[in-house]
Amino acid sequence: MPELQATAREPVKVPLVTDIKTVLQTLRAARRNVLEIIPDLCTKQPMVSGKTAMVRWHMVMDPGALRRVLKDNLDNYPKSDITKNLLRPAIGDSLFIAEGAHWRWQRRAAAPVFSHRNIAALAPIMSASAEAVCERLAGQAKADMFEEMVAATFEVISNVTFSGAGEMAGDEVHKAIDRFIDQSARISLMDVVGIPTWVPRPSRLFGGNPVADMKRVADAAIEKRRKMGAKPVPDLLDLLIEGMDPETKRQMNSAELRDNLLTFIVAGHETTALTLAWALYLCAFDQDVQAKLHEEVRDVLGGRVAGPEDIGKLPYTEQVIKETLRLYPPASFIARTAQAPDELCGRKIRKKDSVMLPIYALQRNELLWPEPDSFKPERFAKGAKYDRFAWLPFGDGPRVCIGAHFAMVEAQIILASLISRYRFEPIEGKDPVPEMVLTLRPKGGVWLNIIPRH
């Protein structure tokens with residue numbers, strides 16, 4: 001494994017490519033950590049292009065070009081076939097994968113589920129989870145805060161989805177996700193050299209389907225809820241079942257409900273858990289930031305857990321989370337496939353070219369961010385200026401993450417509550433290693449010392 005890069009003033013980062021790699025070297029790097037195939041030039045230039053075997057590729061970091069890919073010419077840049085083939089076994093043709101009209105009607109049907117009003121109604125569940133994780137940490141001198149955050153955010157998504165009925169066990173779901181990633185979601189040599197995606201990849205053909213049990217549980221939960229009817233205070237599953245596209249009046253059938261439900265469950269706890277774990281690492285890394293954050297939450301919360309009514313009073317908490325998402329975006333690398341010729345940054349794009357959005361490099365590009373590898377939450381202070389398409393942890397344009405507001409509210413409630421009760425310090429020799437397969441995970445966990453506040 002390449003040596004981890006860190007300095008006295010910079011948190012851990014991924015070693016990017018500084019020399020030319022062979023196809024096999026590229027494959028090994030991609031299977032180990034997708035981000036290791038990104039040229040270091042991507043942190044210094046607006047666009048980098050090349051060719052690997054039969055694949056012409058372009059990595060785009062220019063905000064204007066990214067706006068064209070994600071918004072102005074969206075239909076020309078659907079998700080790559082590799083991405084779809086990796087994820088379809090787990091989440092079918094759900095919102096995350098679907099394109100065109102099939103995506104549009106699902107998005108219209110699901111959008112009201114994530115309205116600010118519905119999220120405010122579900123926020124007390126986030127506060128209850130924050131209280132529970134604070135209680136679990138009592139008496140612990142140290143802990144893997146990634147695992148703790150996985151437990152906390154799964155508790156949230158389980159309760160907002162199933163009203164705490166216990167239809168899905170958090171450990172089983174997370175283990176199923178891990179097995180799926182290990183067996184099926186790593187890049188194949190056939191992907192790297194450009195062999196058509198209709199040719200089966202052996203690792204995905206013979207790896208089995210680790211999420212089959214999860215699908216069966218989701219199907220059973222949907223069937224049970226249809227028979228029982230909605231709860232007095234509707235949860236996420238109720239809202240999805242009742243959701244209707246206002247244009248076509250179409251509602252999701254059971255398979256569509258299941259696939260979108262699993263998408264929301266996986267994305268709704270994994271990505272927020274990662275954000276919180278990296279935020280706690282960064283707070284331990286920079287004690288001055290943590291002290292300033294504690295001063296804010298002490299004044300607002302007075303030792304209690306945060307609630308939805310506190311969100312507007314915690315601006316520095318939001319800045320810390322946004323800066324965490326800049327340095328460690330859960331979705332750090334996105335691939336698109338051009339459907340027709342186009343032009344980006346004055347460069348010709350041919351049909352079937354791979355257009356990559358290395359969000360990790362974009363958000364550390366020195367043309368866009370001063371001291372890009374440093375942890376500086378004040379970048380996101382009120383009135384601070386940065387290009388909207390230079391910060392894309394949730395994407396942008398019509399396909400911006402539907403759960404972005406949900407994730408930000410949950411992250412602020414849990415982070416503020418933890419910092420209100422505890423101080424976190426790093427453990428020497430236990431720095432996490434940023435490693436991306438599907439999401440940017442801390443290999444080895446985020447082990448921190450835990451000191452109760454009095």
**Item:** Whole-percent pair-distance distribution, where bins are 10 Å wide, for the alpha carbons of region 28-139
**Value:** 10, 23, 28, 25, 12, 1
**Prompt:** So how much slack lies between ILE20 and ALA230, counting 0.36 nm per residue of separation and subtracting their Cα-Cα distance, in nm?
**Reply:** 69.8 nm
**the chain, helix-only ellipticity at 222 nm - DSSP H runs n ≥ 4, -39,500 (n - 2.57), divided by all residues, nearest 500** = -14500 deg cm²/dmol
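Quote the relative contact order of region 23-452 in percent (integer), defining contacts as alpha-carbon pairs under 8 Å separated by 6+ residues.
This gives 29 percent for region 23-452.
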**Request:** Could you list which residues have their amide H under 5 Å from that of VAL17, counting only those 5 or more apart in sequence or on another chain, with H placed in the peptide plane?
**Result:** ILE38, ASP40
**Message:** Tell me the volume per residue, in Å³, of the convex hull enclosing the alpha carbons of the chain.
**Reply:** 144
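Between ARG453 and SER374, what's the calculated FRET efficiency when r is the beta-carbon distance and R0 is 25 Å? Round to 0.05.
0.40
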**Fill in**
With +1 on the Cβ of every Lys and Arg and -1 on the Cβ of every Asp and Glu, the dipole magnitude of the chain about its Cα centre, in debye rounded to the nearest 20, is 1280
**Item:** Dimensions (Å) - region 309-419, Cα atoms, principal axes, largest first
**Value:** 50, 30, 21
**Fill in**
Residues other than GLY268 with Cβ under 12 Å of its Cβ, Lys/Arg counted +1 and Asp/Glu -1, net out at -3
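We did not get these values from a lab; they are worked out from the coordinates using the rules stated. Since the model is a prediction, treat every value here as computed from it, not as a measurement. Neighbour counts are summed over all protein chains in view; Cβ atoms, including those assigned to glycine, are modelled from backbone coordinates with ideal geometry.
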